[in-house]
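To start, the structure under review is shown below, and the notes come after it.
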Amino acid sequence: MKMHSTIRNLALALLTATGALQSHASKLAYSTYLTFSVDMSTNILNSTFTNGVDTVSVHGTFDGWGSGVQLVEEGTGNIYTNTVNDTTDANGNHAEYKFVINGVNYESVVDGNNRAVMLPASYGSSVILPTAFFADAGAPVTNQVFFQVDMSQQVVLGSFAPASDTVEVQGSFEGWTSGQTLTYDPHVITTNQFGLTATNVYDGFLSVTTSPGAMVQYKYVIQPTGKYESPSAANAVGYTVGNNRFFANSPGLVLPNVFFSDAPFAPLSAVTLSVDMSAQLFYGNWTPSDGVFCQGINGDWNNDAVNTMTNVPGAANTNVYYVTYTLGEGSSNPYKFTYNGATGTVYESPTSTGGNNRVLTVPSQNPYSAPTLFFSDLLIDDLLESNVQVTFFVNMSNAVQYGTSTAFNPATDNVYVNGTFGGSWLSWDPISLNNNILTNTQPANPNNYIYSGTFPANAGQALGVTYKYSINGSDNEAASGNNHYRLVRSLANGSYVFPVDTFGNQYGEPSFGELKASAGSSGSVQLSWLGAPNVKVQTRNSLSGTGWTTLAGTSGVTWSAGTNSPNGLVSVTNWPAASGSTYFRLVQH
C-alpha cells in the first residue's frame with residue numbers, strides 16, 4: 001500500500017474569480033565596501049593586456065558572477081582599482097571574486113579556486129584588499145605568516161592528546177604535505193563565551209612564497225592520525241567536504257586565532273541525529289541491508305562504526321535511523337546522510353542546502369535530539385512515481401569555459417550534461433559522460449548554438465533535478481557547486497521538456513506557485529498555476545468554515561495542459577464561472 005506524506009506547504013496566495021491577494025517578503029540588507037586592485041604589469045609585458053585598449057574588471061559573488069565592475073587605472077601606472085559596495089554577501093561571512101580581461105577572459109589563480117575575502121561583521125565596514133597580480137603572475141615573494149589554532153575542544157572531546165599528538169598546517173603554499181608543525185604556546189590564555197578558560201593554543205611563523213597578494217588555502221591537521229579540520233562555510237572557500245581556510249599573502253600577516261574546525265571550547269552535549277528512509281525504501285533506492293550512516297561529524301567522512309545509524313525494532317516507523325555524538329554546545333558541524341549503494345557510497349543531496357552539506361549548530365542543551373529529517377529532504381511525494389524521458393536544451397551562444405574563459409568552438413568542442421537525473425552525478429570527464437552528450441539541434445545551420453539531449457529519469461528519483469553543462473567533459477560551466485535546478489512538472493505523457501538554458505546562467509526554478517485567476521471565455525475563469533506531480537489545486541466557496549475540496553486530477557501526475565514558461569509547464573484550465581465567489585489555493589504534499 002502506498003504511503004502518503006502530510007501537506008507540507010501551502011501556496012501564499014488565495015484567489016477569487018476577480019483577483020488575488022499577494023504577499024511580499026523583505027530582503028535582509030548587507031553592506032561591505034570592498035576596494036579591489038590588480039597589477040597588470042606582467043600581462044602588459046607579455047602583450048596580453050594593453051593600457052587604454054583593454055579593460056579589466058572584477059566579478060564575484062557580490063554581483064552573482066554577473067557583468068562585473070570595471071576597474072580604473074591608477075594614474076599612469078599598471079595597477080587598476082575600484083570600490084564596490086557588496087550588498088549580497090552576508091556580513092561576517094566571506095565573498096569570492098576573480099579578475100577578468102575584456103569581460104570574458106577570467107584569470108586562473110594558482111591555488112585553483114576563487115579569490116576570497118572575509119567580511120567584517122559590522123554593516124557598512126570597509127576592506128582594502130592586497131594588490132594581486134592578474135593570474136598570480138608576479139615575481140614570487142616570501143613572507144613570514146603567523147598561524148594559530150586553539151585545540152581546547154578537541155582536547156575535551158578526546159580527539160587530540162597533547163602528550164602524543166601534534167598539530168600542523170597544510171596548504172596550497174607547501175603542496176598539502178605533512179611537516180609544517182606548530183608549537184604549543186602556554187602563554188596564550190583564552191576565555192570563551194561560557195567563561196571557560198584554557199591554554200591549548202598552538203602557533204608559529206611559517207614561510208609562505210607566492211606571487212604578491214596571491215590567495216592561499218590551508219587547513220589545520222592533527223597528527224599522527226591525519227585528521228583534517230572542517231571549517232565552517234562562513235570561514236572557508238567552497239561549501240563541500242573540502243572547504244579550506246584562506247588568506248591573501250602579504251607582509252606582516254597574523255592570522256586570527258581560530259578553533260580547530262571552528263568548534264568553540266564549550267560544555268558537551270549528547271546530540272542525536274535521525275533520518276527517515278521511508279521514501280527511499282518505497283521506491284527501491286535503498287534497503288536496510290545497505291546500512292545508513294552520518295558522515296562528517298567531528299571531521300569523520302567515512303561509513304565507519306562511529307557513524308553507523310540504527311533503527312528501533314518495533315517502533316511505529318522502523319525506517320527512522322539514529323546516531324548519537326558527543327559535541328560541544330555552540331559548535332557548527334557539517335554532515336550528510338549516506339548509505340552503501342551497489343557502486344559505492346551514496347550521498348544524499350539535500351534540497352534545503354542546494355545539494356551541499358547540512359550544518360548542525362548544537363544548542364546549549366544536553367542531551368539534544370535534532371528533528372528527524374528525510375534523506376535528501378525528499379518525502380514519498382517528492383519522488384517520481386513513474387519513469388520519464390527528460391529533454392535538456394542549452395544555448396551555447398557566447399559560451400566560455402569558467403576558470404579559463406576559453407570560448408566555445410562548435411567545430412571542435414562537445415557539450416555534455418551531468419546531474420542527478422541519472423540517479424547521481426558522474427565523474428567530470430568525457431569517458432564518464434559519454435552517454436550524456438548533447439547534439440546541435442540544427443547542425444546544418446552555422447549560426448545555431450542550441451544543443452539538446454533526452455535522457456531517462458526513473459521512478460524513485462527526485463522531481464527536482466540538479467544539473468550542469470560542460471564543454472568537453474570538465475566541470476567548467478560555473479564555479480563548483482553552482483548548478484541549474486528544474487522540476488519535472490508533468491508525468492502524463494511519459495516525457496518532459498525543460499525550458500532552454502543558457503550556458504553559464506545557473507538558474508533555479510521555484511518549486512510551485514504563480515496561482516492566477518483571470519477573465520476567460522464566456523462563462524468561465526481562466527485558472528493557471530505552476531504545478532508539479534506533488535501539487536494539487538483546492539477550492540472552496542467561502543473563507544469561513546472548514547474544509548477545502550482537493551482536485552486530484554490537477555496534479556502533474558496526470559495533468560499536461562498548459563503553456564510553456566521560463567519555469568517550465570504552467571498548467572491552465574477554464575473554470576466554470578458561477579454566482580458567488582470561488583477561492584483557489586495550491587497544496588504541496
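Read-outs throughout are calculated quantities, based only on the coordinates presented, and are distinct from any laboratory measurement. Nothing here was measured: the structure is a model prediction, and the numbers come from that model. We place every Cβ from the backbone using ideal geometry, glycine too, and count neighbours over all the protein chains shown.
Worth pointing out:
- The chain, relative contact order [Cα under 8 Å, separation at least 6], %: 12
- Annotation: amide H of residue 125 within the under-5 Å range of 33, sequence separation 5 or more or interchain, hydrogens built in the peptide plane.
- Neighbour-count order for 55, 549, fewest beta carbons within 10 angstrom listed first: 549, 55
- Whether the chain is rounded, prolate or oblate, judged on the alpha carbon gyration tensor where a/c under 1.5 counts as rounded: oblate
- Computed over region 379-435: relative contact order in percent, which uses C-alpha pairs under 8 Å that are six or more apart: 16
- From phi via Karplus (6.51, -1.76, 1.60), per-residue ³J(HN,Hα) for region 204-219 in Hz, x at Gly/Pro: x, 8, 10, 7, 10, 10, 8, 4, x, x, 5, 6, 10, 9, 7, 8
- Neighbourhood charge, 13 Å Cβ-Cβ cut-off, centred on residue 249 and excluding it, Lys, Arg +1 and Asp, Glu -1: -2
- 3J(HN,Hα) from dihedral phi, region 127-143, Karplus parametrisation 6.51/-1.76/1.60, rounded to Hz, x for glycine, proline: 9, 9, 7, x, 6, 10, 8, 4, 6, 6, 9, x, 5, x, 10, 10, 10
- In terms of the mean number of neighbouring beta-carbon atoms within 10 Å, the peptides 266-279, 195-208 order highest first as 266-279, 195-208.
- Phi angles across region 386-397 convert, under the Karplus curve 6.51 cos²θ - 1.76 cosθ + 1.60 with θ = phi - 60°, into 3J(HN,Hα) values of 8, 5, 8, 8, 10, 9, 9, 10, 9, 8, 9, 4 Hz, Gly and Pro given as x.
- Listed peptides 78-91, 414-427 by packing density, highest first (mean Cβ within 10 Å): 414-427, 78-91
- Highest average first, the peptides 215-227, 327-339, 374-386 ordered by how many other beta carbon atoms sit within 10 Å of their residues are 327-339, 374-386, 215-227.
- Radius 15 Å from Cβ of residue 210, net charge of other residues (Lys, Arg +1; Asp, Glu -1): -4
- Long-range HN-HN contacts of residue 211 with modeled amide H, under 5 Å: 141
- DSSP beta bridges confined to the chain are antiparallel in about 85 percent of cases.
- Annotation: aspartates and glutamates with alpha-carbon distance below 16 angstrom to residue 227 (same-chain offsets under eight excluded): 150, 165, 168, 262, 300, 304.
- Count Lys and Arg as plus one, Asp and Glu as minus one, and take only other residues whose Cβ is under 11 Å from that of residue 504; the net charge is then -1.
- Distant-in-sequence amide contacts of residue 387, defined by a placed amide H-H separation under 5 Å and a gap of 5 or more residues or a different chain, comprise 459.
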